[in-house]
Amino acid sequence: MLSEADSVKQINVSGGVFAIKSLKKFDAKKFDKEVGFLKKYNGLTHPHLVTLLATFEHNEKSSMLFPAAEGDIERYWEDVMPNPSDKEIDLVLWLAKQSQGLMGAINVIHNQSNNANLSVQQQKDILFGRHGDLKPENILWYKSPNNAVYGQWVIADFGLAAFHREASRSMIPNQNVNWTPGYRPPECDILHGTVSRDFDIWTLGCFYLEMLSWFLGGWELKNQFEKDRTSDYLTGSATNIFFNIELDKDDTNTYIFVIKEQVLEVCSFQLRSCQ
C-alpha cells in the first residue's frame, strides 16, 4: 500500500493548484455516499484512483478538494496527443502500463481480500464496490514529476458508485442504476434485468476499444468510430451504444443483443494492426 506522500508524488501538485467539486444540486445523502467511497478507494489504496484531500463547507455548501488534473482523457486524446505514434516504444509501454493500472484500480474496487480470521457473518458483511460510470470524461490525466510528457491516468467521479454485500452484488435491479448512455451494457436494456460488477467490465472494455482507436488512428479515427457505430435505437433516437437489439430470426417474440458490425470491424482492424 502506498503512503500518502508516495501517492501524491505520482501526480504533479507542486504548483499548488487544486480542484473543488460541489454538487450542482446539493444532496447530503448523495454527498456523504460519494465521500465515503472516496475515503475507502483512493490513491492510498491504488495509484490510479483519485485522492480526496479534504471536504469543507462554505456558504452552506459542502465541497470536496482534490489535486487538480490537467484534464480528462477525452481532452488528452483530442488536444494533448491527437496523433500518437505506435512506433514510439516508450509511448507503447506507458499506454500498456496505464491500461493495466486502470484495470488494477477497478479490481481493487470490485474485490476485497477475504480474511481467514473473520467469522462467517463478517465475511458476508464485506462490501463489494462498483464504480458505475467509467468513461473518458471520468478518467483524469495528471502530469507526473518524473514523466511530464505522459503522466498518469486516474479514475475519478464516484457519484454513481455503489457498495453491495456478497449476497446481493449481482442482483441489483437495472431500473435503480444510472449510466452513461453510450457505454451502457446490454443488461441495462433488459426488462426487470439486474446489473453486477460486470457493468464496470463492459464500460472499461468500451473505453479500451476507443483508446485503441485513438492510439492506432489518432483523434480522427476515434471520432470516426463513434460516428460509424451511431444508429437508430428501438425508439427511433440515434445512439452510439456498442450493441443492437434485434428480433430473433427463429422467434419473433424474442429480442436478442448483438454487437454492432461497426464495433466488430474496428476490433478486427485493431487485431490486424497489432500483429
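A short reminder: the numbers here are calculations on the coordinates, not readings from a lab. Quick caveat: nothing in here was measured; it's all calculated off a predicted structure. Positions of Cβ are generated from backbone atoms using ideal geometry, with glycine treated the same way; all protein chains shown enter the neighbour counts.
Name the residues whose placed amide hydrogens come within less than 5 Å of the amide hydrogen of GLY71, ignoring near sequence neighbours (fewer than 5 apart) on the same chain.
Long-range HN contacts for GLY71: TRP141.
Could you work out the pair-distance distribution P(r) of the range 174-246 from its alpha-carbon pairs, with 5 angstrom bin width and percents rounded to whole numbers?
Spelled out bin by bin, the range 174-246 gives 3, 15, 23, 23, 18, 11, 5, 1 percent.
From Cα pairs below 8 angstrom and at least 6 apart in sequence, can you work out the relative contact order of the range 180-224, rounded to a whole percent? Show your work: numbers first, answer last.
Numbers: 21 pairs, mean separation 12.3, N = 45.
After rounding, I find 27 percent.
Give, as a single signed number, the net charge of other residues whose beta carbon lies under 13 Å from the beta carbon of GLU137, with Lys and Arg counted +1 and Asp and Glu -1. Kindly include the intermediate steps, with their values, before the conclusion.
Numbers: positive: ARG75, LYS135; negative: ASP72, GLU74, GLU78, ASP133, ASP157, GLU210.
Within the 13 Å Cβ shell, the charges total -4.
Summing Lys, Arg as +1 and Asp, Glu as -1, what charge do residues with Cβ under 15 Å from the Cβ of ILE245 carry, ILE245 excluded? Could you put the intermediate results ahead of the total?
Numbers: positive: ARG184, ARG229, LYS249, LYS260; negative: GLU187, ASP189, ASP232, GLU246, ASP248, ASP251, GLU261.
Residues close to ILE245 contribute a combined charge of -3.
In straight Cα distance, which lysines are under 22 Å from LYS40, not counting same-chain residues fewer than 8 positions off?
LYS9, LYS21, LYS29, LYS30, LYS124, LYS135
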